[in-house]
1. Whole-Å semi-axes of the range 130-246's equivalent ellipsoid, largest first, each the root of 5 times a Cα gyration tensor eigenvalue?
2. Going 7 Å from the Cα of His38 toward and past its Cβ, which residues in the range 138-161 have a backbone nitrogen under 16 Å from where you end up?
3. Can you give me the distance in nm between label points at His235 and Arg268, each placed 7 Å from the Cα along the Cα-to-Cβ direction?
4. For a protection proxy built on the mean count of beta-carbon atoms within 10 angstrom, sort 255-262, 188-195 highest first, please.
5. Among DSSP beta bridges lying fully in the range 149-240, give the percent that are antiparallel, nearest 5.
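Derivation of every value follows stated rules applied to the coordinates shown; laboratory data play no part. Just so we're clear, the structure is a prediction, and the values are computed from it rather than from any experiment. Neighbour counts run over all protein chains shown; Cβ positions are idealised from the backbone, glycine included.
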Amino acid sequence: MRYDPAGRARPGPGTPWHDSRAVTVAGARSPLEAAVCHELSASGYRPVPSGSDAPVLVIASELALPAGWLVSHYRRWQAARRRDDLIAAARLAHEHGTARLVALSSALLSGLSPGPGPGRPGNAPPEAALALAAEAAAQAFAGLGGTAVVLRLGWTYGDTDRHTRQILTAARRGWLLLDGPPGTRVPTVETSDAASAVVAALTAPAGVYYVTDGAPRTQRELGEAIAAAAGRDLHPLNDGGRRHGQLLGCARPADGAEFRAVTGWRPRFPDAAERLSQLCQAPGPAGSFSRPRRQEK
């Protein structure tokens, strides 16, 4: 029999827990992790910190801000190390009786096989490299006989999300930071909706699910909504022959219909363009972007 630091007996695999509402939340410290803890508490669960023993383990990941090639190389190296740590944590959790693991991944991974099933990510952009580490932990946990649920979240935007703050701050200064072709549809889900999806995943069958608001807007539509809210024309960074970025620039089969059908989950914010417009009109922090110069005609 094993015991935790408080002297309580730890159940082995398959043994019921006394505190069935405890949920360990591990992974990246981020606004999404905070939102998940808030939603768990509001739903009657008891989130406990990383390293605690609980019947459920949630592994959060976070999209990094776009950066140059040197920082991107470092992020891939960092994600490889993080992958080993998360796999070890998943194995230890299973040994201590954890029965379910929910891994928060990203739908913004290129090279996915089509369809809603568990396609294997191929070439992940460095900004989403930590998402692959979370999926590797889920795969290891499932291999041990545990129930693993992977949620591939759309772009998790919101008033506390770093990407969203950067994009909206730049828009107030006249820049358009959406980095893909205008006609590309972007899978999205608001941060609080992503957190509520985690609660729904606590009772979902094992599998890989996309989680989005179900109505992906094109980058043109998102840009026009942000520009209207900012009250000015936006200068795109991808004009003049600049190559489109990876993170939001690739189409992905991520409508999220399967997850909604299986769990009954529904987003509170079904329209990303409308919600981003609301966030852009709200007071925000000053950014570090220079005002774009007026082009000579």
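1. Working: eigenvalues 224, 47, 28 Å².
They are 33, 15, 12 Å, listed largest first.
2. 156-161
3. Using points 7 Å along Cα→Cβ, the separation is 3.8 nm.
4. Numbers: 255-262: 18.0, 188-195: 26.1.
Ranking, from highest mean packing down: 188-195, 255-262.
5. On the way: 2 of 12 bridges.
In the range 149-240, DSSP labels about 15 percent of beta bridges as antiparallel.
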